[in-house]
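Report on the structure given below.
Readers should treat all values here as calculations from the given coordinates under stated rules, not as data from a laboratory. This one's a predicted model, so the numbers in the text were calculated from it and none came from an experiment. When we count neighbours, we look across all protein chains shown, and the Cβ atoms used for this are built from the backbone with ideal geometry, even at glycine.
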Amino acid sequence: MKKCIIVDDVALNIVLAQKMLTSLKLDMSKAVNGQQACDMIRNGYEPDVMILDLMMPIMDGFQVLEEIRSGRCGNKDLPIIILSALNREEDVNRAMSLGANDFVTKPIIMNRLINAVKTALGEPEN
C-alpha cells in the first residue's frame with residue numbers, strides 16, 4: 001500500500017483531504033507542521049507522496065520543500081503536491097521553483113486533488 005503524508009496545521013483540512021482520497025486506498029499519515037513532517041521522515045517514515053500546505057507555524061511549506069529537495073529531510077525526489085490557499089502567481093512560482101511537483105489551490109476540488117496524487121504516484125488519471 002502506498003503511503004501519503006498530509007502536512008497542514010488545520011485539522012479540518014487534513015480530514016477533508018483524507019476523505020477525498022479514500023478511493024485511492026492510501027496508508028495516510030498526518031503532520032501539523034513542517035518540522036513534525038521532517039522529524040517523522042528523519043525517523044524512518046518513508047512516504048510515497050506528500051500533500052503540503054504552505055502557511056504553517058514552526059516550519060512552513062516553503063522551508064519543507066527546501067529541506068526535502070536539498071536532501072536534508074528524506075528522499076529528495078519525494079513527490080510533493082502543494083495544497084494551499086496561497087494562489088498568487090508569485091507563491092505558485094516560488095513553490096514550483098523550489099521543487100513542488102504540483103500545486104492545488106484551496107478550496108479543494110476533489111478530482112483535481114485525486115488526479116494530482118495519481119500523477120505523483122505514476123498512476124493513470126481518471
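Does residue 68 satisfy being outside any loop (DSSP other than H, G, I, E, B) and under 14 Å from residue 5 (Cβ atoms)?
Yes, satisfied.
Can you run down the residue pairs with Cβ atoms below 9 Å, 6 or more apart or on separate chains, where the first is in region 63-76 and small (Gly, Ala, Ser) and the partner is crowded, with 23+ Cβ neighbours inside 10 Å and outside any loop (DSSP other than H, G, I, E, B)?
Within 9 Å, the pairs are 74/68.
Among the residues of region 106-119, write down those that are farther than 22 Å from residue 55 by Cα and under 15 Å from the mean Cα position of the chain (by Cα).
115, 118, 119
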